[in-house]
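Bear in mind that the values in this text are calculations on the coordinates, not laboratory data. Model, not experiment: these values are computed from the prediction. Using ideal geometry, Cβ is built from the backbone for each residue, glycine included, and neighbour counts are taken over all protein chains shown.
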2 protein chains.
Amino acid sequence: MVFIEEVTVRLTTKGRYAVTAMLDLAFHSQVKPVTLTEIAARQTISLSYLEQLFARLRRAGMVKGVRGPGGGYKLCRKAGEINIAEIIAAVDEPLDSTKCGGEGNCQKGDACLTHNLWMGLSKQIRTYLVGISLADLLEKDQVQEVAKRQHYDAQQAIEVCYRPE
Amino acid sequence: MVFIEEVTVRLTTKGRYAVTAMLDLAFHSQVKPVTLTEIAARQTISLSYLEQLFARLRRAGMVKGVRGPGGGYKLCRKAGEINIAEIIAAVDEPLDSTKCGGEGNCQKGDACLTHNLWMGLSKQIRTYLVGISLADLLEKDQVQEVAKRQHYDAQQAIEVCYRPE
DNA sequence: TACTTAACCCAGCAAAATAGTCAACTATTA
DNA sequence: TAATAGTTGACTATTTTGCTGGGTTAAGTA
């Protein structure tokens, strides 16, 4: 299976709003749908801005809108099956970030070298965030464990070589 | 001991430029200082923008400028002692991110709950990035290969620019 | 000393992203 | 039918981004 991976992770206030809102939703929508008005009030985010964010989250298949009285938003999947990276990716524009798309025009190797280094790091960060779900965050105790485990894994992955002085 | 920790990590294009430039510097400044003009050319970042970024990196005590001919920038510390989180923190404005600074005005517990969840995650991400140094990135296997090839190119370029005495 | 180099500093500026308002719609429920 | 709440789009203000261009200052070199 081949994904066109979105390697570049941006972690802006926009993403923070989205994650915060999704956390709020995951926490409150277990009984009934949650209106954006409620989330807006609780998290002090403007309603219209939330509407924009949730339009994207909906198109990404992460939430479902229920119209009419008693309606609101609910999660399409379980909180454990929604990770942080996809929330951020849903609200952030792709912004391809590769000045030399793939290979082509980077004759000067140095540019591509550093470029690839950054892409590698970015991918690591992404992998890290993929490993954290909404449910992980809601169950605080687990979070710490998961975090430690993933930190270790990631470090292994890049073959850290700390030189003692 | 109490630190006023900068918990919120922003990962924007600005931070990417900074990390990319620092990687370039770490890679090339082992022999002599590297000019911003060189980095600008290699990484296709405007010189003036690099100047802004390096002004911050310098104030953060990560790089040192050497004036005059043969000058440029060099790292203040070893590449293994400079981590990604501090590079990003140096160029990004603090942007305190806490709407309820500490405790005060969050009577509604839900808001603070979600807020704390986010802060917890943000802190994890920060911890993750603190654990990755410039040296870690440079010491990846694939890098070394490319690096060897490029060392020749780089030398050529230097000999072209600077006439050997 | 004069010249060059390159860091350092600053004012401003266009484009983009951010965050939000307003208004009109549609689907659902009571 | 009326109220609710999602859906959509156009439009605005503010901030950030990335850059241009003009300097000044320190350190080498002829």
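Rounded to whole numbers, the Karplus 3J(HN,Hα) couplings from phi for the stretch B:120-133 are x, 5, 4, 5, 4, 4, 4, 4, 4, 6, 4, x, 10, 9 Hz, using 6.51 cos²θ - 1.76 cosθ + 1.60 with θ = phi - 60°, and x at Gly and Pro.
Across the stretch B:47-63, coupling constants 3J(HN,Hα) worked out from phi with the 6.51/-1.76/1.60 Karplus curve, θ = phi - 60°, read 4, 5, 5, 4, 4, 4, 5, 6, 4, 6, 5, 5, 4, 7, x, 9, 10 Hz, and Gly and Pro carry x. Sorted from greatest to least, the principal axis extents spanned by the alpha carbons of the stretch A:31-72 come out as 24, 22, 16 Å. Label-point distances for B:Pro69 to the equivalent site in the other copies, using a point 7 angstrom along Cα→C-beta, read 8.5 nm when ranked shortest first. What translational D, rounded to a whole number of µm²/s, comes out for the stretch A:1-93 from Stokes-Einstein when the hydrodynamic radius is the Kirkwood one over Cα pairs, at 37 °C and 0.692 mPa s? Here the translational diffusion coefficient equals 244 µm²/s. With R₀ set to 45 Å, the beta-carbon distance separating A:Arg77 from B:Lys78 gives a calculated FRET efficiency near 0.50. Taking amide H atoms as placed 1.01 Å from N in the peptide plane, the amide H of A:Leu11 lies under 5 Å from those of B:Leu11, B:Thr12, each 5 or more residues away in sequence or on another chain. Position A:Glu139: other-copy label points at 3.6 nm, ordered by increasing distance, label point 7 Å along Cα→C-beta. Sorted shortest first, the distances from the B:Glu81 label point to those of the same residue in the other copies are 5.0 nm; each point sits 7 Å from Cα along Cα-to-Cβ.
With the simple model of a label 7 Å out from the Cα in the direction of the Cβ, A:Arg58 to A:Met119 spans 3.6 nm.
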